[in-house]
């Protein structure tokens, strides 16, 4: 397959990625709503506290990476 055909195929599926994103956001906002957080307040928090949410995301990534590293090392030791 030529590169141009592959690029055309990927960009043609852009609507699929948008649909997946919309479904994921609906699930997240639905979960927050069941926990008592209004979707409007959640969206405002995402918009206004973008830097803080990036910081939390980086911390979560570090914790997950440390847990995976610990699991791999413990599997090698035992």
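Just so it is clear, none of the values below were taken in a lab; they were calculated from the coordinates. Keep in mind the model is a prediction, meaning the values are calculated, not measured. Here the Cβ positions follow ideal geometry from the backbone for every residue, glycine too, while neighbour counts run over all protein chains shown.
Here are some notes:
- Rounded to whole Å, sorted largest first: equivalent-ellipsoid semi-axes of the chain, Cα gyration tensor: 30, 28, 13
- Using just its DSSP H runs of length 4 or more, each adding -39500 (n - 2.57), the chain gives a mean residue ellipticity at 222 nm of -29500 deg cm²/dmol after division by all residues.
- For region 38-78, radius of gyration divided by Kirkwood radius, i.e. Rg to Rh on alpha-carbons: 1.32
- Under 11 Å from a label point set 7 Å out along the Cα-to-Cβ vector of residue 56, the amide N atoms of region 18-44 belong to 42-43.
- Estimated FRET transfer efficiency (residue 43, residue 64; beta-carbon r; R0 35 Å; 0.05): 0.85
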